[in-house]
Amino acid sequence: MADEPTGNLDGENTRIVMDILRRLAHEEGRCVIVVTHDPEVADTADQVLRMKDGVLTAA
């Protein structure tokens, strides 16, 4: 579980971190949960859930 893992990173390091997390999920069979406000980070996910007013919904 990663809460805003790229929040203070530049674009290049954001891509590196997301590549590592994606590799863990796809190649190592791990469940990776990322919480983010960054739409570009969310776009890298296999599945996106959104929360609005405390209600969790599918995107």
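Bear in mind that the values in this text are calculations on the coordinates, not laboratory data. Keep in mind that what you see is a predicted model, and the values were worked out from it rather than measured. So basically every Cβ, Gly included, is an ideal-geometry build from the backbone, and we count neighbours across all protein chains shown.
Within region 1-43, the residues that satisfy the criterion of being of a type in the set (D, E, K, R) and in contact (Cβ under 8 Å) with a residue 24 or more places away in the chain are 3, 4, 38, 40. Every condition in (1) touching a residue at least 12 places away in the same chain (Cβ under 8 Å); (2) part of a helix (DSSP H, G or I) holds for residue 46 except the one numbered (2).
Residues in region 1-21 that are touching an Asp or Glu at 6+ places or on another chain (Cβ under 9 Å) and surrounded by fewer than 16 Cβ atoms within 10 Å (Cβ to Cβ): 4, 7, 11.
Based on this model, can you work out whether residue 27 counts as of a type in the set (D, E, K, R) and surrounded by 12 or more Cβ atoms within 10 Å (Cβ to Cβ)?
Details: of a type in the set (D, E, K, R): yes; surrounded by 12 or more Cβ atoms within 10 Å (Cβ to Cβ): no.
No, not satisfied.
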